[in-house]
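What follows is a short report on a single structure.
The values are calculated or read from the model by the stated rules, or taken from the named source; none is laboratory data. Just so we're clear, the structure is a prediction, and the values are computed from it rather than from any experiment. Cβ placement follows ideal geometry from the backbone for every residue including glycine, while neighbour counts extend to all protein chains displayed.
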Amino acid sequence: MQITLTPLADEGVAVLPPDIVWNGIFGDFALSKGGDDGPAGGLKAANPLKTAVVLLLFSDARADVSDLRFEHRGDRRGWVGDGFDVDAAAGEAPLGSKLWLYRRAVLSDLTGMEMAAEAERALQPLVRQGAVVTIATKAVVDKVGGRVLLMVDLYGRDGTKAYTDQFDLLWSRADGGL
C-alpha cells in the first residue's frame, strides 16, 4: 500500500521514519543492526510509536460480511488467526483497521467522520497497552482534490502531545488496487 506521510513541522515535533521496510506494496518490521535502535538481530526500535501507528492504521483488519460491498468481491482480508485465535478474556483483540473498506467510497463529510472513527478504533491498542492515554483523530475530505487527509494526535499521561502526524489516504494510491 502506498501512503504519503506528511510531518506536522509547525508543531515542533521531530518525526522519525517508522521502523518498517516498505517494498511499495507490503511492509514488514525492520531488523536492527545493533546500537541505538536495539540489539543486533532484533526488531528495530528507533521510533516505536510511529511504527505502531502506521502498522495499526495500514494493516487490513478482517471485516464482517455485513461490511462488504460489491467491489470487495467477498474479500474480508485480515490475518486469518483473528478469525479464531483471539483471547477476548485476556483483553486481546484483532489488530489493524478497516480503512481499506473506504478505498472506493463516495467522498463525503460522513465518509470522513467514519474514517476518523475507524482510525481511532484501530489505535485503541495503544491506550490498552499504556503507550498513550488519549487519541484524537480528524479527517478532512477534499472532494475537489479527491482525497481524505487523516490527522492523528496521541497524548501522554501528562496531557502533552506524544505523537502527531497526518496521512493523505487512499484516493492518492498509485498501485491500481481497490
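Remarks
- Among the residues making up region 93-109, those that are surrounded by fewer than 20 Cβ atoms within 10 Å (Cβ to Cβ) and under 20 Å from GLU71 (Cα atoms) are ARG103, ARG104, ALA105, VAL106, LEU107, SER108.
- Test for GLY34: is it among the small types (Gly, Ala, Ser), at pLDDT 75 or above, in a loop (DSSP other than H, G, I, E, B) and surrounded by fewer than 14 Cβ atoms within 10 Å (Cβ to Cβ): yes
- With respect to the stated conditions, VAL127 is free of Cβ contacts under 8 Å to residues at least 40 places away in the same chain and either loosely packed, with under 14 Cβ neighbours inside 10 Å or under 24 Å from ALA89 (Cα atoms) (or both).
- Total residues in region 52-70, condition in a helix (DSSP H, G or I) and surrounded by fewer than 18 Cβ atoms within 10 Å (Cβ to Cβ): 4
- Residue in region 126-167 that is nearest to the chain's Cα centre (by Cα), counting only those that are part of a helix (DSSP H, G or I) and modelled with pLDDT of 90 or more: LEU126
- Candidates in region 96-121 are the residues that are outside any helix (DSSP H, G or I) and touching a residue at least 40 places away in the same chain (Cβ under 8 Å); of these, the one that is farthest from VAL133 (Cα to Cα) is ARG104.
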